[in-house]
Structures are given as C-alpha cells and as structure tokens.
1. On average over all directions, what projected area in square nanometres does the protein assembly as shown have, based on the convex hull of its Cα atoms?
2. Computed FRET efficiency, Cβ-Cβ of residue B:136 and residue A:176, R0 51 Å: what is it to the nearest 0.05?
3. So, R0 is 56 Å and r is the distance between the beta-carbons of residue A:131 and residue A:439; what FRET efficiency does that work out to, to 0.05?
4. Per DSSP helix of 4 or more residues, -39500 (n - 2.57); summed, then divided by the residues of the protein assembly as shown. What does that give at 222 nm, rounded to the nearest 500?
5. For a protection proxy built on the mean count of beta-carbon atoms within 10 angstrom, sort A:443-454, A:242-253 highest first, please.
6. What does the structure give for B:159-167 when I average, per residue, the other chain Cβ atoms found within 10 Å of the residue Cβ?
7. Starting with the highest mean, order B:20-29, B:134-143 by the number of other Cβ atoms within 10 Å, averaged over the residues of each peptide.
8. Within region B:243-350, report the GluC sites (Glu not before Pro) that DSSP leaves as loop and that have at most 12 other Cβ atoms within 10 Å.
Amino acid sequence: MQRRYETLKDIWLWAAGLVALVVATPILVVISSLATPSVEIWRHLWQTTLFEIIQNTLALIMGVGVGVLILGVGLAWLVTMYRFPGRAMFEWLLILPLAMPAYVIGFIFRAIFDYTGPVQSGLRGMFGPKIWFPDIASYGGVVLVMTLVLYPSVYLPARTAFLEQSARTLEAARALGTTGLTLFWKVTLPLARPSIAAGLAFALMEALADFGTVAIYGYTTFTVAIYRVWFGMFNRPAATELANLLLVLTVALYLLEGTLRGRARFYQTEGSVRSVSAKTLVGWQAWAASGVAGLIVAVAFLVPVAQLLVWTIAGSGQQQFDARYLEFLVNTLMLAGITAVVAVGAAVVVTYSLRQRRNPIVALFARIASMGYALPGSVIAVGVLVPLAFFDHQLDAVLRRTLGVSSGLLLTGSMVGLVFAYLVRFLAVSCQTVEASLVKITPSMDMAGRSLGASRGGVLRRIHLPLIRGGLCSAAILVFVDVMKEMPATLLLRPFGYDTLAVRVWQLTSESMWEAAALPALTIVAGGILPVLLLVRGLRPLAGARASVLERDPRLQGRTP
Amino acid sequence: MSLLRLAGLTKHYSSRDLPAVDHLTLEVEKGEILALLGPSGCGKTTTLRLIAGFERPDAGTIEIGGRTVADAQTFVSPEQRGVGMVFQEYTLFPHLTVEANIGFGLRRLGYPGRAQRIKEMLETAALTSLARRYPHELSGGQQQRAALARALAPHPAILLLDEPFSNLDATLRAHMLHEVYTILRELGTTAIFVTHDQEEAFMVADRVGVVNRGQLEQIGRPEEIYHLPATPFVARFVGKANFLPGRVVGVGIETEIGTFPNTANLPEGSMVEVVIRPDQMELMPDRFGSAVVISRRFRGADTLLVVQFPSGLILHSYQPSSVMLLPKEQVKVVTRPTPVVAFPAEVPQP
C-alpha cells in the first residue's frame, strides 16, 4: 500500500500519464467508433462510391509497394555492392527526394506532362496534333509520383542492412562459391528482409495518408473521399466512417509489417561500414550505373526543384508575387514552431518519466500515443474533433449555467485543435529521437546527480538536457518539417481563413495555378532538406567540430541499462 | 552511537525471485570504513542503492545519523539523505569541467563558499592543475579522484563506493587503493564500499561484511573474517580453503591427517569438516607418508601442490617456491591451523 501511495505522489508520472492519455484519446476515439458503425451511412456509401474508393486505394498501395521495392532495393544494392563514377555522391543524393512532399512533385509533373504542358505541346509541335501521349493524371501517374518520393524510405534501411552484412556474411558466401544474383536472392535479400519490410510499411503508410497528390490527379482514395464528404457535403458522420475504414487498412499494414519482419529486429546503426567486397564496374556498365542513379536523382529531385525555381523567378518578374506569401510563411513557421516545442517538451516528460519508473499503464498509453505516426492525418483530424467538441460543449454549458455567458466553440477550429492533431501525429517522432539520446546516458548519471543533492527535475535540467541537446534539436527539426509538409489534417482542422504554405499549395494547384504554387512549394522543399541533412550526417559522422559531447565521450556510447 | 544503522532490511525485485537483500542488519560507526564483500549478484550493490535512496526497502529500517530515512512510513529521497556516491564507471558529468563537477553538489553554498570548497577538494585530490579539463581529457586514475572529490565536496554524512577499483588495471589499482584510503582517512570519512575482491576489502576496510544471497554471513575485522570464518561460505569465499572431513570423538576431531581440538564444541559423534587454509600446512618428503603429490603449479611467489590421500581426499597447499616436491612423490602432511575452525558436515558422510 505504501508503494501505491508513493506512485500517486509521483508528479512526473502524473505528467507523463496525462500527456500520453491526451495524445492517445483521439486514437481511442476513432478506434472505439469502429464498434458502432452507422448502417445508413454505409448503405449510402456502398451504393455510391465505396467500391471505387477501396479498389483505388488497394491498387495504389500495390503499385507503390512494387515501385518502391524495385527502386529502393535496387539502388541500395547498386551503391553498396558496386563501385562506379560518382558512387559516393549518389549514395546521399539518392536520399534527397525524401525532402519532396508527394503533392509538390505531383503538381510539377502534372504541369509538365499535361496536355497543355511543355512536353506534350512540344511533341505536338514536332509530330503534329495526333501524337499519342499517356495521361499523367491517371493511376500510373499517381504511382510514379509516389514511388519517386517514397523509395528513399526503403533505400535507406536496405542500404544499411546490405552494408552491415557485406563484410561478414557476403565474404563467407562468396568463399562458398555463391556469386552475383544468386548471392543477392539467397543471402543478401533474406537477411535484409526485416529492414526492408519496415521501410516498405513506412512508405505504404505514407501512401495511404497522402491527400494532395491523389486529389490533384483526380484519383479518389480514402483521404480524398473523407475530404469531400467533410467539406463538400458537411457530412462528418460519413467522414468518420470512412476514416474508420482507412484506419482498418492502416492497422492491417501494421500487422503485415510485423509478419514480414518476422521475429528479426529492425535496427539501423549510424556511421558507415565500408563494404569490402564492392565490385568495381568498368566501361559501359559503370556509365550505366551512374546513369541510372543520376536519372533517378534528376527526375525525383533536380528537375522538379529547377522547375520550381524557374516558375518562382518568372513569377516574381511578372509581378505575380503572391502578396499573402509572407502571411502563409509566418503561419506555417508559427504552427510548426509551436508544435515542435510542444512535441519535444511532451517527449521529454514522457521518456524521462518512464526512465524513472516504468509504470505499465503510462507505458501502455505512451505506446498507443506513438501509433499516431502510422495514422493518416485525415483519420487523426476526425479523432481530434470529437474530444475537442465535447470539451467545448461542456465548457460552454458550465459557463452558461454559472456566469450566463457562452464560450461558443473555443477550441474546435482553433490553432489549439490543429496543434493537438499535429501532436498526435508526430509525438512518436519526437519521443523516439529523444529516447534514443536519453538511453545513451547511463542510469548512474542520474544517481550521481541525485546523491549530490539535485532533485529529479534538477537532474533533468542540469545533466540530461545539456547532454541530449543535439537529440532535442534533431527531434524539433523532424517535427517542424513534418508539420510544414502536413496537408490533410491542416485542411480539415485549420481555423477559418488561416492558411499555411501547404494549404496554399493545395488551393492553387487544385485550380491548376502551377506557377503561383511554386514559391510556397519551394519553401516547403527547402524545409524538407533539413532532416535529409541530419540523415546524411548520420551516414557520414563528422569529425570534431560539430560532434556533440555525447559523441565525444566514448564511455557513454552504447551503455544502456 | 553508530552513524548508520540498517535493521531487517529486505528488498525483493520481483515477487517470484528470492529477495535481493534479506533481513540485513548492520551498523557503521562514525569514521569507520566498512567493506561489503561478496560474489556478484549477492545483494551488496542493492544494499548500497537502498542506503542511497535509489530503491525503497520492502521491509526494515535505515537510519543515518540518528534520523530514520526509510521505514514503513518514511522515505527520504536521495537528494535529501546527505549520502555521497562513487560509481564503478565514475560517471563524471561529461559536459562539465572537473571543477564544475566538484561544484555540482555545492549549490547551497554561496559563490565564495563554493569556490573555496572546490579549491580545497581539488587540492585534496591533487587535481588543481586539471581543474579546467573535461572528464574525457583525464586518465582513469584522475577520473577516479575527481569522482571521489565530487562526492566528498558536500560533506556527506557517509560515502558509498560501488566497486570503485574494478575498472582499473592491476598496477593502477594498487596505487589508487592507497590514494583513496589516504584521502578517506585524512578526512575521517565514514564509508561503505562494495567489492568482490577480498584483497581490496582487507587493505582498505576497518571491518568487512561478507554478503551472500542477500544475507550478512559475517561481519568483523579482516583478520577475524580470514582466520575465524563463521560459516562455510565465508571460509570458501574469503581465501582458499580445504574442507577436511572428520568426526568428533571425546575432546577432539579425528581426521585422516590427525586429531584437532574441538574448539567449537561440536556435538560428540557428529560428522564435521575442518577448515585448513592452503598456507596452513607443511608437506615433507617421506617415503612412508600417506599422501602423494598429484600436481604441481608454479605461481611465482609460491607453488600450488595438490596432494591425494589413499581415501581419495584431496588437499590444496601453497608451498614456498623453494620446496622442490614433484608429482608422484610420497609426502607427509602436517597442519597447524590456529585456531581450528570446524563446521558440521554439509553433506552426510556415508
């Protein structure tokens, strides 16, 4: 009983429990509404568009899945197993498409390859008006675009997995007489499977969550349908039901990933292990390898960025500069900044408290809260709305009773709701990053601090926070950029008239105003490069200057309880 | 009046396992250095953590300087116990210089007081010239001294050291052992240190407590522990020991190599085991001796000889390296244990 009393007095545990519970609530709301489906709505959906939505969504997942597997695994194999001109450079250039939200490259491709775009116009000019060209606004177009931005999430873990094996296993296999493609199919691929499965699941969840691209391409998936019934018909119950089904698909993916991974664990070591068995390509093979890697980088990053630059410069020359650009920029930076601070703060509270004492209930809520990252923004938006509306109505009722005033809808449709939704979606990102740096600090550091008279808060402030400064910055950057890019939840929850860069891109591109959308899109891409730089830094540890205290002190490395 | 008093201290980590600390009771006097000696996993580190306040006891009380810091009703948090701690891996704060590390626990002092105390501790630990260095720029021994200075700076009522020497190589270890001992004595510090190495315990401690399976097997001066082990475990764990089976007959204990006085007053007729240290016997070449040398291992200062009796009994003996006995040689075994230590036999004799 004594022990229970101690637990109740623990203010850190309360704080962590509160954070975890608040973030888990919307997720639990969506899950619980699965249990009470509305037959009416389903009948209506069934009679109208449901079949098309499901078919389109599944087809999208299949197509993107195959696409990112081929590109991601293929390129990872190429850069780890062979030497060719520019290999070292391509190794990290190939990560760059990660900076590009799918909806940005999506609208650029649409503009370039559309009937009125430069490519088709040019071809017609050369070969006459009858020339056939595939329609970019189609299933194939959507899959191409998503594959190009999502393959790095397979490429990265696959590359790491190949590197880790190469030195040990591959030489052993070669010594036993296995070579070339046999080696790839029999040894490398099976060993890398857990890593690849994790990357693939991540890519597919992103594809499921995407709204901007499919909307621009007129390809109706769940996210598009949710948006339409929400804004087009103001039918929130129907949106909720669709969100539920999308959630089921996401959970299915989650489980599938677990199966594919098997019992193996996905891990990613930082720092590069040079593959000793890399084969040097010569002649046309070498140039072909460089050519393929270069083509991907060009198509998925360089050309789109160049196009954005051209449009931006042309636009500013013709006085088409969007007068409200600064307003969008400030809104975006503010939202992203607030969310980054809140998410990192919440992550510190949760991870530090669980480090102190592993309370199973708080740990469970923290686990549920971290599922938010797998959930599409549209689903989270729906889940956030329910508890916020409930709170607003309660508050309103209380104020009317006691003071006779109405608070109206205080939180619903305010920035609070939006930040809340972002927090639900991105808390897992900050928690993971903060925890990764926190576990590097040995528990006896805490004990040393406590025995020298520092309270738990004092230990956090005087020891942990200075030591994990780098990790906190990384976490903040990751959340910041994710918020910048986020589109569907922002569209559904933003306060009326409160537009961000992503919202602006959506508004302009849905009206085919490509050039005008270039500047906000370019800004988002510029932000997206930050986490890529963090990744590259992880791939190639910098010596000296920028290395943090943690990295300098060998005794802290890998010492986990 | 003892400074630290543990009474019936008990701690379970999980309800299924045996307790990590099991009804431990001991007292430490002011200015005394106590070593807790035991194999790994015996509960000695858990005892330190309980004293420091990083674990809550399931039962029992802890008093420091007459103040109860843990019992069924009370739990004083670590930062309010006035207990200093030195860890195996030193755990200096890597983002702080040596002087900032030492000053970490001195927040309550104002600036002049803090600077003064840091200066004192730097001098005591011979670190004055390294005050501005960061921990990773120090050698192992320097880190050790810095950690000690940091823990001692706030005048802790008691200092706890958890395996403080086990990270050092043999040469440095002997040196640090001496330095730490000197500093602790100079400051009159009350200290408990935990080790699995009896040599460390004997060299530094006034008293040694031998811990096994969470229980205190014996506590006493190093000489007592070595010469008068209270239990077979202590006899076996502290130094090497031969267990010579015998039977209590009249006033003595009859064994294969002679009769020993029954100083422990074991009951007449019972089967017992007499503890014989390997350095407590002499081997003499004797063609009619009952034992035969079966192996010989040169150890440097002495030689380990293993002898076997016709009954199959095997004894280990350390002999000066000058003793030139060879395997297969017949020997006569003369033991002179003083005093004689005997325990009731652990396994019934056939």
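1. With the hull built on Cα positions only, its mean projection is 55.5 nm².
2. Calculated transfer efficiency: 0.70.
3. 0.40
4. -16500 deg cm²/dmol
5. Most protected by this proxy first, the peptides run A:443-454, A:242-253.
6. 1
7. Output ranking for B:20-29, B:134-143: B:20-29, B:134-143.
8. B:268, B:346
Each value in this text was obtained by applying a stated rule to the coordinates, not by laboratory testing. What you see is a predicted model; the values in this text were computed from it and never measured. Cβ: placed from backbone, ideal geometry, glycine included. Neighbour counts: every protein chain shown.
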